[in-house]
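Data first, discussion second: the structure below is written as structure tokens.
The values are calculated or read from the model by the stated rules, or taken from the named source; none is laboratory data. Everything numeric in this text was worked out from a predicted model, so none of it was measured. Cβ placement follows ideal geometry from the backbone for every residue including glycine, while neighbour counts extend to all protein chains displayed.
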Amino acid sequence: MAKVCEVCQRGPMFGNRVSHAHNVTKRRWNVNLQSVKAVVNGASKRVKVCTSCIRDGKVQKAA
């Protein structure tokens with residue numbers, strides 16, 4: 001399963017890990033995904049959503 005938000009489609013970002021000696025290796029920043037029960041098309045469904053979407057109110061949580 002991909003680490004992608006189901007609302008905003010945001011995925012991991014890639015970059016370099018740089019040591020003090022300037023040794024460079026690849027690294028990635030993952031999105032902070034949470035599994036949330038949300039209302040989708042009138043039905044309650046479990047979705048993987050990033051915390052920024054939850055905080056911004058883009059997801060309506062199911063009771």
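Scan segment 8-52 for residues that are assigned to a loop (DSSP other than H, G, I, E, B), at pLDDT 95 or above and either under 15 Å from Ala62 (Cβ atoms) or within 15 Å of the chain's Cα centre (by Cα) (or both) and report the count.
The qualifying residues number 8.
Taking Lys37 as meeting all but one of (1) touching a residue at least 12 places away in the same chain (Cβ under 8 Å); (2) surrounded by fewer than 10 Cβ atoms within 10 Å (Cβ to Cβ), write down the number of the exception.
All conditions pass for Lys37, except number (2).
Being surrounded by 10 or more Cβ atoms within 10 Å (Cβ to Cβ) and within 15 Å of the chain's Cα centre (by Cα) is the filter; apply it to segment 53-63 and report the residue that is farthest from Ala2 (Cα to Cα).
Filtering first and then ranking leaves Asp56.
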